[in-house]
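The values are calculated or read from the model by the stated rules, or taken from the named source; none is laboratory data. Just so we're clear, the structure is a prediction, and the values are computed from it rather than from any experiment. Methodologically, a virtual Cβ is constructed for each residue, glycine included, from the backbone with ideal geometry; neighbour enumeration extends over all protein chains shown. When the accessible area is computed, the model is the full protein with side chains, heavy atoms only, and any ligands, DNA or RNA have been set aside. Shrake-Rupley method; radii C 1.70, N 1.55, O 1.52, S 1.80 Å.
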Amino acid sequence: MNSIKEDIENLRDEIRQHNYRYYVLNDPLIADYEYDRLMAKLEAMEKAHPELITPDSPTQRVGGEPVKGFPTVAHEIPMLSLANTYSQEELEEFEKRLRHLMPEEDFEYVVELKFDGIAVGLLYKDGVLVRGATRGDGERGDDITSNLKTVRAIPLRLVQKEGLPVNVEVRGEVFMSRSGFKKLNRIRENAGEKVFANPRNATAGSLKQQDPRETARRPLNFSAYYLRVTEPDSEQLALTTHLESLHRLRELGFPVSRHTRLCKSMWEVLDACMEWETKREEIDFEIDGLVIKVNDLSQQSALGYTQKSPRWAIAYKFKARQATTVLKAIHLQVGRTGTVTPVAVLEPVFLAGSTISRATLHNEEEIHRKDIREGDTVLIEKGGDVIPKVVSVIDEKRPSGTRPFRMPKICPVCGGPLVRSEEEAAVRCDNVSCPAQVQRRIEHFASRQAMDIEGLGGAMVKLLLENQLIEDFGDIYRLKKEDLIDLERMGEKSAGNLIRAIADSKQRPLDRLIFALGIRHVGSGAAVLLADRFESLFRLQKAESQELDAIDGIGPTMSRSIVQFFRQPQNQTVLEKLEKAGIRMEEKRKKRSGIFDKKTFVLTGALTRFTREGAAELIESEGGKISTTVSRNTDYVLAGEKPGSKYRKALDLNVEIMDEDTFIGLLEKSRKRPFPRSSQLGMEL
Ligand code: IVH
């Protein structure tokens, strides 16, 4: 029978193995919860036998009491920094210098990622982590051993086997993944705490915690890039190349980057630099450049050091992507769909290859959350996407007399009122003749599912607007053949065709006209309901929201949006134009018995061409009803992709299952017109 001591040690080894698979090989064998169970078991055993606890036990990551300040410690060998380069030319000069210093030699280089984190040095004695320190001024750093022990990627104990040293110094970078950083900030935001500006700040802040229990909660990671064997007799363990030391580091249990590359010439180095300039966005952590190191360790020692940095290595830095500048004003930008976005007007700064003078602020909430004010000095960042964003305000630099941002009440482009939609953070301009949106609105008006004006597509609308022949869709009906003939690429015949298509559209059914207006949230299904109920655009215009709410299939969001739309004076003007042009505004509607008359539907799974609300609206417009549970009274289950338990229930109860294509086929047959490829229901106009 094993002694308790052996059992405990075996369990520790098992856990260390899993750590190794997870952090070093990136290939875990067990799920997180199984790992947690092993840890819990070890904790329980150690609790029963506290005399058997060793400092390198996996349970001892969070030990010790909170400290006041960290003692400083001297590095056995200084932790130097690297000389920086920013261009191909500077890298070529680096190589020239090497050749000058060692004219007889050829060089191979190892290119590594330059992690944007915090450099630390770790000392292991007899295989156990005894000290971990920050770089500090290079000579002396802070002893943050108890915090570093909480970083699970850092082994508390070296893997020990024949041919591997037990006394070493390992250097590397503690960093935080982008995803971990985002999650951490989300938690802090919810707790009302200040968020970190970037993963590097978050890492630095986490390592500075006085209480290691707090550090343990932060998603810190580690990557090793330097090994020094400190054994007294280390001859047989001697390393000859840097690449070899990286392999050895991995064998000892340290995570080592897999993006490291051996380059046989400076050409290959330059290629790698170019490649990573864009590839950097694809990895889940931030790097601020590459580090180029001479591979041969005897060459390294022959080259030696300058005062500040090794002669055998150099950093190639990417162009900075963050900068600080003054935010001069907050302007509003009106998008093609009417969404109003606040934009920061900046004191121009040069950043990563271009001059930045504007940055997005997303929405009002975001501005208040970050308390961004005109006059502030702000940190801006160019991320993976091209539009720069404002990361945070530099509080210390706020001038006196600034005021919190207030969202204006009118559209800066057309002067129309701005409306706040309650279901999103955005503010919108709903004026159909707002110049910022008019192109898109006219395109929608003329589209196949709306007024169906053949020949009036995007390019044509653009041309008409540019030539000031129209200002909104109310003007389409005033166009004359003579206006069109002079336009680019317009002949007598095509002008005639377009005028005819426009005239033909005057008699479209009322529901199409209602849909064509582009009232937010009103799709083609809802338009049918409204046309059937009011049989007149004038009556619809006067409808109050209670009256609209009472219609089966029209919800409060839609009714609010309808009332808002008709209340707008600019929209009323456009409607008058339509009326004058002789568009059919009233229509006696036949009481259609819908194809789904009195049928009960249950929806399940993800539909690809409709939102659920959209599909429900259509079913109701065809006389059907929606229910949430499948029973014997259900007529159809409309099943999308990955249907759930309702699908199974339908099979059990022998309820007819309808797929999306069949559903669309039936609707198209009933309405004698094709369906748009993507849902027009609840579509974003
Ligand atoms: S080598 C003498 N390799 O860059 C060798 N440093 O400016 C010096 N860093 O303080 C370090 N990734 O924080 C090296 N793959 C890497 C690195 C790296 C990030 C940081 C480290 C160091 C700074 C040097």
| said: Here's a check for you: in segment 164-178, which residue that is aliphatic (A, V, I, L, M) and in a loop (DSSP other than H, G, I, E, B) is nearest to the ligand (Cβ to nearest atom)? | reply: 164
| said: Of the residues 358, 369, only one is open to solvent by 30 Å² or more (accessible area, probe 1.4 Å), touching a helix residue (DSSP H, G or I) at 6+ places or on another chain (Cβ under 8 Å), away from the ligand (no atom under 16 Å from the Cβ) and farther than 25 Å from residue 111 by Cβ; which? | reply: 369
| message | Taking the condition of being closer than 16 Å to residue 497 by Cα and part of a loop (DSSP other than H, G, I, E, B), how many residues in segment 449-460 meet it? | response | 7
| field | Every residue from segment 303-321 that is within 11 Å of the ligand (Cβ to nearest atom), among the aliphatic types (A, V, I, L, M) and over 26 Å from residue 350 (Cα atoms) | value | 313
| message | Just to be sure before I move on: is residue 181 part of a loop (DSSP other than H, G, I, E, B) and of a type in the set (Phe, Trp, Tyr) in the structure I sent? | response | no
| message | What are the pairs with Cβ atoms under 7 angstrom where one residue, in segment 339-355, is closer than 13 Å to residue 367 by Cβ and the other, located anywhere, is buried (at least 18 other Cβ atoms within 10 Å of the Cβ) and among the acidic types (Asp, Glu)? Sequence gap at least six, or different chains. | response | 342/364
| Is segment 285-302 home to any residue that is under 25 Å from residue 139 (Cβ atoms), within 10 Å of the ligand (Cβ to nearest atom) and not in a strand (DSSP E or B)? | yes
| remark: Scanning segment 141-163 for residues that are more than 16 Å from the ligand (Cβ to nearest atom) and part of a strand (DSSP E or B), the one farthest from residue 69 (Cα to Cα) turns out to be 157
| Which of the residues spanning segment 622-637 are among the hydroxyl-bearing types (Ser, Thr, Tyr) and either in a loop (DSSP other than H, G, I, E, B) or open to solvent by less than 10 Å² (accessible area, probe 1.4 Å) (or both)? | 628, 629, 631, 634
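A quick yes/no check of all residues on (1) of a type in the set (A, V, I, L, M); (2) touching a Pro at 6+ places or on another chain (Cβ under 8 Å); (3) in contact (Cβ under 8 Å) with a residue 24 or more places away in the chain:
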position: 477; (1), (2), (3): no, no, yes
position: 480; (1), (2), (3): no, no, no
position: 487; (1), (2), (3): yes, no, yes
position: 492; (1), (2), (3): no, no, no
position: 502; (1), (2), (3): yes, no, yes
position: 508; (1), (2), (3): no, no, yes
position: 511; (1), (2), (3): no, no, no
position: 515; (1), (2), (3): no, no, yes
| For segment 213-223, does any single residue satisfy the condition of being more than 11 Å from the ligand (Cβ to nearest atom), over 30 Å from residue 394 (Cβ atoms), at pLDDT below 95 and out of contact with any Lys or Arg (no Cβ under 8 Å at 6 or more places or on another chain)? | yes
| Of everything in segment 561-576 that's of a type outside the set (A, V, I, L, M) and within 16 Å of residue 477 (Cα to Cα), which residue is surrounded by the most Cβ atoms within 10 Å (Cβ to Cβ)? | 573
| task | Might you check whether a residue that is of a type in the set (Ser, Thr, Tyr) and under 27 Å from the mean Cα position of the chain (by Cα) occurs anywhere in segment 307-314? | result | no
| Condition met for residue 130 (more than 16 Å from the ligand (Cβ to nearest atom), over 38 Å from the mean Cα position of the chain (by Cα) and not in a strand (DSSP E or B)) | no
| Unique match (being open to solvent by 60 Å² or more (accessible area, probe 1.4 Å) and more than 15 Å from the ligand (Cβ to nearest atom)) among 101, 91, 123 | 101
| request: Give 213, 186, 280, 250 a once-over and let me know the one that is in a helix (DSSP H, G or I), within 30 Å of residue 142 (Cβ to Cβ) and without any contact (Cβ under 8 Å) to a residue 12 or more places away in the chain. | output: 186
| Any chance segment 441-461 includes a residue that's among the hydrophobic types (A, V, I, L, M, F, W, C), buried (at least 18 other Cβ atoms within 10 Å of the Cβ), more than 30 Å from residue 348 (Cα to Cα) and touching a His at 6+ places or on another chain (Cβ under 7 Å)? | yes
| task | Determine which single condition residue 138 fails, assuming it passes every other condition in (1) surrounded by 20 or more Cβ atoms within 10 Å (Cβ to Cβ); (2) near the ligand (Cβ under 10 Å from one of its atoms); (3) not in a strand (DSSP E or B). | result | (1)
| field | residue 579, sole failed condition from (1) part of a helix (DSSP H, G or I); (2) more than 30 Å from residue 419 (Cα to Cα); (3) open to solvent by 10 Å² or more (accessible area, probe 1.4 Å); (4) not β-branched (Val, Ile, Thr) | value | (2)
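Could you say which residue among 270, 262, 239 is in a helix (DSSP H, G or I), within 24 Å of residue 312 (Cα to Cα), touching a helix residue (DSSP H, G or I) at 6+ places or on another chain (Cβ under 9 Å) and away from the ligand (no atom under 13 Å from the Cβ)?
Checking each option against the conditions leaves just 270.
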| Restricting the first residue to segment 117-145 and requiring it to be under 18 Å from residue 203 (Cα atoms), which pairs with a second residue that is in a loop (DSSP other than H, G, I, E, B) and small (Gly, Ala, Ser) meet a Cβ separation below 9 Å and a spacing of at least six or different chains? | 119/81; 135/81; 142/69; 142/136; 145/64
| request: Kindly state which helices (runs of 4 or more DSSP H) lie completely within segment 479-560 and contain at least 3 residues that are among the small types (Gly, Ala, Ser) and open to solvent by less than 20 Å² (accessible area, probe 1.4 Å). | output: 492-504, 524-534
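In segment 167-210, what residues are over 26 Å from the mean Cα position of the chain (by Cα) and open to solvent by 40 Å² or more (accessible area, probe 1.4 Å)?
Restricting attention to segment 167-210, the residues satisfying the condition of being over 26 Å from the mean Cα position of the chain (by Cα) are 167-172, 207-210.
Listed by number, the residues that qualify are 208, 209, 210.
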| said: Going by what's in this entry, would residue 80 be described as farther than 27 Å from residue 216 by Cα, within 16 Å of the ligand (Cβ to nearest atom) and part of a helix (DSSP H, G or I)? | reply: no
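Just to check your reading of the model, which residue among 448, 440, 420 is modelled with pLDDT under 90, in contact with a strand residue (DSSP E or B) (Cβ under 7 Å, 6 or more places away or on another chain) and among the charged types (D, E, K, R)? Reasoning before the result, please.
Details: 448 fails: in contact with a strand residue (DSSP E or B) (Cβ under 7 Å, 6 or more places away or on another chain); 440 fails: in contact with a strand residue (DSSP E or B) (Cβ under 7 Å, 6 or more places away or on another chain).
Selected residue: 420, the only one of 448, 440, 420 that is modelled with pLDDT under 90, in contact with a strand residue (DSSP E or B) (Cβ under 7 Å, 6 or more places away or on another chain) and among the charged types (D, E, K, R).
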| Which one of these is in a loop (DSSP other than H, G, I, E, B) and more than 16 Å from the ligand (Cβ to nearest atom): 13, 106, 7, 36? | 106
